[in-house]
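Participant: Can you read through this structure? Questions will come right after.
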Amino acid sequence: MELQNTVKEALNALYHHPDDSVRMQADRWLQNFQRTIDAWQVSDNLLHDPNSNLETLIFCSQTLRSKVQRDFEELPSEAFRPLRDSLCRLLKKLHKGPPKVRTQISIAVAALAVHVSVEDWGGGGIVSWLRDEMNSHPEYIPSFLELLGVLPQETCSYRIAARPERRRQFEKELSSSVDTALGLLSACLSFNELKEQVLEGFASWMRLAHGIPGTILASHPLVHASLSSLNSEQLLEAAVNAVSELIHYTVAGSSGGLSAQMPLIQVVVPHVMSLKGQLRDPSKDDEDVKAIARLFADMGDTYVDLIASGSDESMLIVQALLEVTSHPDYDISSMTFNFWHSLQINLTRGESYSTYGSKESAEERNRRLRVFYSTYELLVSLVSSRIQYPTDYQDLSKEDLKDFKHNRYAVGDVLMDATSILGGDTTLKILFVKLLEAVSNCRNEGTHDWRSIEAALYCIRAIAKSVSPVEAEIMPQIIALLPKLPHHPQLLQTVCLTIGAYSKWLAAAPIEQSMLPSVIDILTRGMSAVEESAAAAAHSLKLLCEDCRRKLCGSLDGLFQIYLRVVSGDGNYKISADESMHLVEALSIVISELPEDQAKSALEALCMPIVTPLQEVVNQGGVSLQQVTARQLTIHIDRLSHIFRYLNLPEAVADAVQRIWPIFKAIFDHRAWDMRTMESLCRTCKYAVRTAGKFMGITIGAMLEEIQLLYQQHHQPCFLYLSSEVIKIFGSDPSCANYLRSLIEALFQHTTILFKNIDDFTARPDVADDCFLLASRCIRYCPELLIPSSVFPSLIDCSMIGATIQHRDACNSILTFLSDVLDLANSPSGEKYRSIVDSIMIPRGSTLTRIFIASLTGALPISRLEEVSYVLTALMKTYGIRVLEWAKECILLIPSTAITEAECSSFLQALSEAASGKGASALTFTLEELSDLCRRNRTVQEIVQGALRPLELNLTVVSS
C-alpha cells in the first residue's frame, strides 16, 4: 500500500508540480519503478482500484503491458492464470472505460498469449477462449472485440520478449484460427455501434489469412460490410483499411494468386471505382478524400502487372489514378507516384515480356508503350505544375522548406519515369511549352512573378540525364532564353543549376554554335548575386569544366581571372571558402587537357595564390605558425588537396609537391598537435600520392619519415590514414618492401601500446578505426610485410580487446581486419601464410569465438549483426570442427534460464552442418536466431553477457 501511494504521489508530481526538477525526479523514479518486480502487483492493484484517476490508470496499464511484453519470464509459471484472469477482469471492467487504458490491457493480453502455449492457455488457445468469453458475457463484447483486433497485430511484434520458435508457433496458431476469428467478427456486424471495430479487426485478420478461396470471400458478409461502408463518413477510414487488406490479399502467395482470387477482385474493383467522383467532391472532408485516394493508390500498386497489359478495364483504373494525381493537394496527388514508377518499370523491363517470343515480345512492348504514351504525356503536365514556390516561401520554416525540396525531388523522379516511356527529347518539348507559357504570361501581364518560370526550368533540369546530347531543336532555344529571364535570385540559382545539368549537351554542341561564353557570363553573374546562386554557379562551372574541358582550354585566361578573384577575395563574388573548391577543381580539370609544358606553367599559376599565403606564415617562424588558427592554414591546404586530386598530370603534381614540401614539413613540425590541420595536410598528401604515384620519388620517403616520427609523439589518426594510402600505392612494389615494413611495424607497435582495454578504444575510436583500416590494407596489398612481422600477434590481440567497441566505424574496421586475415588464410594465394596465421589464431580461437558469440548476443548493437556473422562464418570456414568445439564451450556457459538445452542443441547442430560443408547458407539464419533469442529482453541479455564476460576475456593475454 505504501508503494501504491508513492506511485500516486510521483504521478501527481510528474503531471502537476510547478518545479521542473521535481517533475524530472518523479519521472526518473517512475521509470525505475517500472523495471522492478513490484511493478506487477502495484500496477494490477491500482488498475482494479475504483479510486484511481485517469493518469494512474494510463500509467499502470502501460506499465503492465510493458511488463507482460518484456519481463514475463520474471514471474513463476504458476502466476500465469491469476495474471490472465486479472487482465480479463480488467477488460470487462473497462468495456466502457477510457479507450487508451483498454487498448493497453488488450495488448497485454495479446502479449501474454504470445508467451504461453495453447496447452498452457487451455481451451484450444486464446481465440477459442475469446469466443467462449464473448458467448458467455455479451455485455463485454466491445472490450473482447478490441482484443480480437489487436491479436494479429502483435503476432510478429519484436516488442514481445518471446523466444523465436514460440513466436513462429503463435503465428501458426493464429493463422489456423482465422475462420473462428472471422466468424466472431461477422457475428458482431449486427451491432451498428461496433461496426468500426469489426472492420478494423477484419483488416488485421486478413493479414494472417491463408488459402481462403475468392469465391467464399466474394460473398462473405465482412467483405460486403467493408465495401458498403466505403460510402459511410463515419466508417470510411476503417472500411478503406479493410478493403486495402483485401486488395493485398488477392495477390499474396498464400491466397492462391490472381486467378484463384478473381471472383473477389471482380467484386472489390467496381466498388472502389465507384468512388472516383468523390475525389473532386467539394463537400467531402479532406481526410475522407485522402482515404479514398489511398485506396486507389493501393489498387494501382497492387495490380500494376495487370494494369500494364493496357486492357480497356485497366485503363479505367489508370484514368482514376490520373484523377488522384491531378488533385490540388500534394499529399494526395503524391500517393500515386510509386504507381507511375512501378508501371514504367513494368512497361520497359524485359522480364515483363518473357512469355512472348523475341519478335512477339518487341511487338507487345511497342503496343503497350503506345497505349500508355498519352497517359505519361498528361502525367508530365500534371506533376510539373506541383513544384512552384509558394508565394510566402521566404517565411517557410526550415522544416517546411525541407519538405518542399523533398517534394520537388519526388516530382523530378516522376518526370524521369516519364522519360523512360516518352523519351527525354519528347518530355523536354512538353516542358519547354510550359516554360514558354510561363515567360509569356510574365511578360504579357507585366508581373514579376518568376515562380512559374522557375518551376518549368526546374523540371527541365530534372530530366537532363535523359535528354540526348545531340538534341538540336529545343535545347538551343532554352540556352538562348536563359540570359533573358528575370533576375530573381531564386530563379538565377535554378538557371545556374540547369546549365550544370546540361554540361554534357553543351560539350556535344558544334564548336561554331558554341554557347559557352554566354553560359559562363550567366554563371559569373550568379556568383555575384546571393550565396545560394553563387554556390549553384560554382558547382555548375565545375560540371561545365568536367565535360567541356577541351573546348575551354582556349578560355583558360578568363577562367583564371574568375579563379584569382574568388581565391583572393578581391571580387564581389558571394562564394564561400568551401564552394570555392569547385573552381579549384574546375581549373585543375581543364589544365589536365593542356600540353605538358603549358600544363606545368598553368599548375604553377594555379598554386601560386594558394602557396604564397602559406609561405608567408612559414616565413614568420615557428611561433607564429603555432599561433595562427587552423582555418588560416586549412583553407589553403584544402585547395591544394583539390588540385592534387583532380589534376591528372602525375609528373607535374610530383614536381609541385617537391617544391612545396618545405612548407608542408614546417607545418608538420610545428602543428603536429593540431588534429584539424594535420587531417587537412594528410588528405592533401594522400591525393598527391594517389595522383603522382611512383613519380613522388624522394618526397614520399621524407613524408613517411616525418609522419612515422610525429606519430610516436602525437598519435594523430590521419598519419595512419595517409600510411594506408601509401600501402595501397606502393605495397606491392618489392623495392619499397624494407622501408614499408619498418614503417608499419613502427606504427602498429606504437598503436597497440595505446589500447590495453576497451576503455582505451572508447577514448580513441578514430585511432582504432584508422589503425585497423591500415592493417586491412596491409593484408590485401602486402601481407608478406605484416603477417611474418613481430607486431602481427599484438595486432590480433589488440583487435580482440577492441572488437566490442560501440563506435560503428572502429568496430567495422576491426571486424573487417579479422575477416580479411581469415579469408586470406583460407585462399590459395594465402596458403604460404597459413602456418603463421594458424599459430596465432588457433590458440586464440576459443576466446575469439566467445567474443564473437558475445557480440552476436548483445555485446554489440543489433546493427553489427551482419559484420559479426561474417567474421564468425569466416572463422568456421577456416577452422571447421574446431570452431564447433570452441562454440560448444562458450554456449554451455549460458544458463538455461536464457537458452534452453534444446535451443543450444539447435545452434550447435547448425554450426556442425556448416563445419561439414552442409547448410552453410542456413548458418546466417541460425546466428540471427541466437541473437534474437539472447536479446529478447534486458534481463536475458544481462544474463548472457554476464556468463560470456567478453570484456574480461579481452584483458587476458593469450600466448601464441
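The values are calculated or read from the model by the stated rules, or taken from the named source; none is laboratory data. Predicted model only: the values in this text are computed from it and were never measured. Reconstructed Cβ throughout: ideal geometry from the backbone, glycine too, with neighbour counts over all protein chains shown. Each accessible area value is taken on the protein alone, full model and side chains, heavy atoms only, with ligands, DNA and RNA left out. Shrake-Rupley method; radii C 1.70, N 1.55, O 1.52, S 1.80 Å.
Participant: Output the qualifying pairs, or none if there are none: Cβ atoms under 6 angstrom, residues six or more apart or on different chains, first residue in the stretch 224-246 and closer than 15 Å to VAL269 by Cα, second residue part of a helix (DSSP H, G or I) and of a type in the set (Asp, Glu).
Facilitator: Every condition considered, the pairs that remain are SER244/ASP298.
Participant: To continue, here is another question. Can GLY125 be described as in contact with a Gly (Cβ under 8 Å, 6 or more places away or on another chain), in contact (Cβ under 8 Å) with a residue 40 or more places away in the chain and either crowded, with 20+ Cβ neighbours inside 10 Å or under 21 Å from GLN197 (Cβ atoms) (or both)?
Facilitator: So GLY125 does not fit the description; no.
Participant: Another question, if that's okay. Which condition does SER568 not pass, out of (1) under 21 Å from HIS642 (Cα atoms); (2) modelled with pLDDT of 90 or more; (3) open to solvent by 20 Å² or more (accessible area, probe 1.4 Å); (4) of a type in the set (S, T, N, Q), if it passes all the others?
Facilitator: Evaluating SER568 over (1) under 21 Å from HIS642 (Cα atoms); (2) modelled with pLDDT of 90 or more; (3) open to solvent by 20 Å² or more (accessible area, probe 1.4 Å); (4) of a type in the set (S, T, N, Q) leaves (2) as the failure.
Participant: Which of the helices (runs of 4 or more DSSP H) found entirely inside the stretch 562-659 contain at least 1 residues meeting this: under 41 Å from the mean Cα position of the chain (by Cα)?
Facilitator: Values: elements: 577-591, 596-619, 622-627, 630-646.
Filter on the stretch 562-659 gives 577-591, 596-619, 630-646.
Participant: Under 9 Å by Cβ, and 6 or more places apart or on different chains, what pairs join a residue from the stretch 695-717 that is under 23 Å from PHE644 (Cα atoms) and small (Gly, Ala, Ser) with one that is open to solvent by less than 20 Å² (accessible area, probe 1.4 Å) and assigned to a helix (DSSP H, G or I)?
Facilitator: Within 9 Å, the pairs are GLY697/ALA654.
Participant: Being in a helix (DSSP H, G or I) and open to solvent by 40 Å² or more (accessible area, probe 1.4 Å) narrows it down to one residue among ASP766, ASP820; which is it?
Facilitator: Working: ASP820 fails: open to solvent by 40 Å² or more (accessible area, probe 1.4 Å).
The unique qualifying residue is ASP766.
Participant: Go through the stretch 571-581 and count every residue that is of a type in the set (S, T, N, Q), surrounded by fewer than 16 Cβ atoms within 10 Å (Cβ to Cβ) and either free of Cβ contacts under 8 Å to residues at least 12 places away in the same chain or under 18 Å from HIS636 (Cβ atoms) (or both).
Facilitator: Matching residues across the stretch 571-581 total 1.
Participant: What number of residues within the stretch 661-682 are open to solvent by 10 Å² or more (accessible area, probe 1.4 Å) and either closer than 21 Å to VAL567 by Cβ or acidic (Asp, Glu) (or both)?
Facilitator: 4
Per-residue answers, yes or no, for (1) more than 35 Å from the chain's Cα centre (by Cα); (2) in contact (Cβ under 8 Å) with a residue 12 or more places away in the chain; (3) outside any helix (DSSP H, G or I):
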| residue | (1), (2), (3) |
| --- | --- |
| PRO18 | yes, no, yes |
| GLN41 | yes, no, no |
| ARG65 | no, yes, no |
| VAL109 | no, yes, no |
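Participant: Could you tell me how many of the residues in the stretch 320-363 are under 20 Å from ALA293 (Cα atoms) and in contact (Cβ under 8 Å) with a residue 12 or more places away in the chain?
Facilitator: So the answer is 23.
Okay, residues lined up against (1) open to solvent by 80 Å² or more (accessible area, probe 1.4 Å); (2) modelled with pLDDT of 95 or more; (3) closer than 17 Å to ASP331 by Cα; (4) touching a helix residue (DSSP H, G or I) at 6+ places or on another chain (Cβ under 8 Å):
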position: TYR356; (1), (2), (3), (4): yes, no, no, yes
position: GLU363; (1), (2), (3), (4): yes, no, no, no
position: ASN366; (1), (2), (3), (4): no, no, no, no
position: VAL380; (1), (2), (3), (4): no, yes, no, yes
position: GLN388; (1), (2), (3), (4): no, no, yes, yes
position: TYR393; (1), (2), (3), (4): no, no, no, yes
position: LYS402; (1), (2), (3), (4): yes, no, yes, no
position: ALA410; (1), (2), (3), (4): no, yes, yes, yes
position: ASP413; (1), (2), (3), (4): yes, yes, yes, yes
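Participant: In the stretch 582-621, what residues are touching a His at 6+ places or on another chain (Cβ under 8 Å) and either free of Cβ contacts under 8 Å to residues at least 24 places away in the same chain or open to solvent by less than 20 Å² (accessible area, probe 1.4 Å) (or both)?
Facilitator: Of everything in the stretch 582-621, those that are touching a His at 6+ places or on another chain (Cβ under 8 Å) and either free of Cβ contacts under 8 Å to residues at least 24 places away in the same chain or open to solvent by less than 20 Å² (accessible area, probe 1.4 Å) (or both) turn out to be VAL584, GLU585, SER588, ILE610, PRO613, LEU614.
Participant: Further question: Within the stretch 214-235, is there a residue that is more than 16 Å from TYR249 (Cβ to Cβ), among the charged types (D, E, K, R), part of a helix (DSSP H, G or I) and open to solvent by 50 Å² or more (accessible area, probe 1.4 Å)?
Facilitator: no
Participant: Is there a residue being of a type in the set (Val, Ile, Thr) and open to solvent by 20 Å² or more (accessible area, probe 1.4 Å) anywhere in the stretch 57-72? Let's see the steps before the verdict.
Facilitator: Filtering the stretch 57-72 for residues of a type in the set (Val, Ile, Thr) gives 58, 63, 68.
Keeping just the survivors that are open to solvent by 20 Å² or more (accessible area, probe 1.4 Å) gives 58.
Yes, because at least one residue in the stretch 57-72 is of a type in the set (Val, Ile, Thr) and open to solvent by 20 Å² or more (accessible area, probe 1.4 Å).
Participant: Also, quick follow-up: Taking the conditions exactly as written (in contact (Cβ under 8 Å) with a residue 40 or more places away in the chain, open to solvent by less than 40 Å² (accessible area, probe 1.4 Å), within 30 Å of ILE891 (Cβ to Cβ) and in a helix (DSSP H, G or I)), does PRO793 satisfy them or not? It would help to see each step written out before you state the result.
Facilitator: Values: in contact (Cβ under 8 Å) with a residue 40 or more places away in the chain: yes; open to solvent by less than 40 Å² (accessible area, probe 1.4 Å): yes; within 30 Å of ILE891 (Cβ to Cβ): yes; in a helix (DSSP H, G or I): yes.
Considered against the rule, which asks whether it is in contact (Cβ under 8 Å) with a residue 40 or more places away in the chain, open to solvent by less than 40 Å² (accessible area, probe 1.4 Å), within 30 Å of ILE891 (Cβ to Cβ) and in a helix (DSSP H, G or I), PRO793 comes out as yes.
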